Amino acid sequence: MATIASWYHDGELAVQRRAAVRADAARLEGMLAPPHLEGGLARFLSDRTFAALTSRDEAGILWVSPLTGPPGFLEVADDTTLHVRATPPPGDPLHGLASGAQVGLLVIEFARRRRVRINGTIGVASPQGLTVQVEQAYGNCPQYIQQRILESAPLAAARAVRRAASLTAPEADLIRRADTFILGTTHPERGNDASHRGGPPGFVRVSDDTTLWWPDYPGNNMFNSLGNLALDPTAALLFLDFHTGAALHLSGTARLEWDAPDAGDDAGTGRRVRFTIDRVVAGTTLGLCADGVTPYLRNPPVTD
């Protein structure tokens, strides 16, 4: 059997080397090996009520969308097959996903600060749900996850979905108040990915109605998302208002900036990510909310 030189792709390796953490990342490389959805991982998935999904719409535009359901809506069928009994609803930019679509799933338990990333391809798609053929599945550390308890809530009254190329003032304010967002990235061969970003309110800066940026905090040094961006700048963001259930979807491009100025380098890494908005979808909602939040104790303070 041929051996794999590295489970990391060229973009991940390049960022690891520039950040001088290649040895640290190598110790975690086995996490990227083929998945085994069993035991504790299967139980974790079956108990969850929230996931975020990265994929492309029928026009090829990358988006991140929330998926919600009662415990059991994520069900492991075997080592490499996951049933998802939910789909993005009408109005959501990823409504109507089809078989063959590459997807990245992020499954989070906010209350206990646990998360799992799953990457694969939709084998079967129907109005009732998706069957994902899983190619990667691994846990991430609890860093920067703000603790909150998600509870089911009636969907807000339907309102017109806004599709635009720039932010309104209320949308920019939602971003400035956010302590959490989901980042979607893509790789030309390995498909799409969804990852969590968190920090204190204000850690995401809005420069203008089409530009925002955030400091890159220290993490596990794998640089999955930033490695994707090193090869393909296509990106998508999902912001959620956990009080109202409102969702804000952004699609555009992102680039990693090295040697960032001290102002805004909250964690002292010298790295920041700048995102340019191409498309906005606002007005969708999810059937979950959380009234309270316990901030992650080691959130870096906002420095500007």
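The values are calculated or read from the model by the stated rules, or taken from the named source; none is laboratory data. Just so you know, these numbers come straight off a predicted model, no measurement behind them. When we count neighbours, we look across all protein chains shown, and the Cβ atoms used for this are built from the backbone with ideal geometry, even at glycine.
Let's see how each residue does on (1) exposed (fewer than 15 other Cβ atoms within 10 Å of the Cβ); (2) among the aliphatic types (A, V, I, L, M); (3) under 19 Å from the mean Cα position of the chain (by Cα); (4) part of a helix (DSSP H, G or I):
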residue: Ser6; (1), (2), (3), (4): yes, no, no, no
residue: Glu12; (1), (2), (3), (4): no, no, yes, yes
residue: Gln16; (1), (2), (3), (4): no, no, no, yes
residue: Gly30; (1), (2), (3), (4): yes, no, no, yes
residue: Gly40; (1), (2), (3), (4): yes, no, no, yes
residue: Ser46; (1), (2), (3), (4): yes, no, no, yes
residue: Ala52; (1), (2), (3), (4): no, yes, yes, no
residue: Glu58; (1), (2), (3), (4): yes, no, no, no
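If you go through the stretch 232-272 and keep only what is crowded, with 18+ Cβ neighbours inside 10 Å, modelled with pLDDT of 95 or more and not small (Gly, Ala, Ser), you end up with Thr234, Leu237, Leu238, Phe239, Leu240, Phe242, Leu248, His249, Leu250, Leu256, Arg271, Arg272.
Quick check: is even one residue across the stretch 273-283 crowded, with 21+ Cβ neighbours inside 10 Å, modelled with pLDDT under 95, closer than 30 Å to Arg112 by Cα and β-branched (Val, Ile, Thr)? The answer is no, given that none of the residues of the stretch 273-283 is crowded, with 21+ Cβ neighbours inside 10 Å, modelled with pLDDT under 95, closer than 30 Å to Arg112 by Cα and β-branched (Val, Ile, Thr). Here Thr269 clears all of (1) touching a Cys at 6+ places or on another chain (Cβ under 9 Å); (2) over 30 Å from Pro71 (Cα atoms) except the condition numbered (1).
Of the residues making up the stretch 165-185, just one is buried (at least 23 other Cβ atoms within 10 Å of the Cβ) and touching an Asp or Glu at 6+ places or on another chain (Cβ under 6 Å), namely Thr185.
Residue-wise test of (1) touching a Leu at 6+ places or on another chain (Cβ under 6 Å); (2) modelled with pLDDT of 95 or more.
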| residue | (1), (2) |
| --- | --- |
| Leu45 | yes, yes |
| Ala51 | yes, yes |
| Leu62 | no, yes |
| Leu67 | yes, yes |
| Pro71 | no, yes |
| Asp78 | no, yes |
| Thr87 | no, yes |
| Pro90 | no, no |
| Ala98 | no, yes |
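Cβ-Cβ contacts under 8 Å between residues 6 or more apart (or on different chains), taken from a first residue in the stretch 42-57 that is closer than 16 Å to Leu150 by Cα to a second residue that is acidic (Asp, Glu) and in a strand (DSSP E or B), are listed as Phe44/Glu109; Leu45/Glu75; Ser46/Glu75; Asp47/Glu109; Arg48/Glu109. Screening Val293 on (1) modelled with pLDDT under 95; (2) within 21 Å of the chain's Cα centre (by Cα); (3) over 23 Å from Asp57 (Cα atoms) shows it passes everything except condition (1).
Filtering Gly191, Gly96 for residues that are surrounded by fewer than 17 Cβ atoms within 10 Å (Cβ to Cβ) and on the phi > 0 side of the Ramachandran plot leaves a single hit, Gly96. Can you confirm whether the stretch 179-201 contains a residue that is more than 20 Å from Gly139 (Cα to Cα), small (Gly, Ala, Ser) and at pLDDT 95 or above? Checked the stretch 179-201: no residue is more than 20 Å from Gly139 (Cα to Cα), small (Gly, Ala, Ser) and at pLDDT 95 or above.
Scanning the stretch 125-154 for residues that are at pLDDT 95 or above, of a type in the set (Ser, Thr, Tyr) and either on the phi > 0 side of the Ramachandran plot or buried (at least 17 other Cβ atoms within 10 Å of the Cβ) (or both) turns up Thr131, Tyr144.
Only one of the numbered conditions (1) modelled with pLDDT under 95; (2) surrounded by 17 or more Cβ atoms within 10 Å (Cβ to Cβ) is not met by Leu82, and that is (1).
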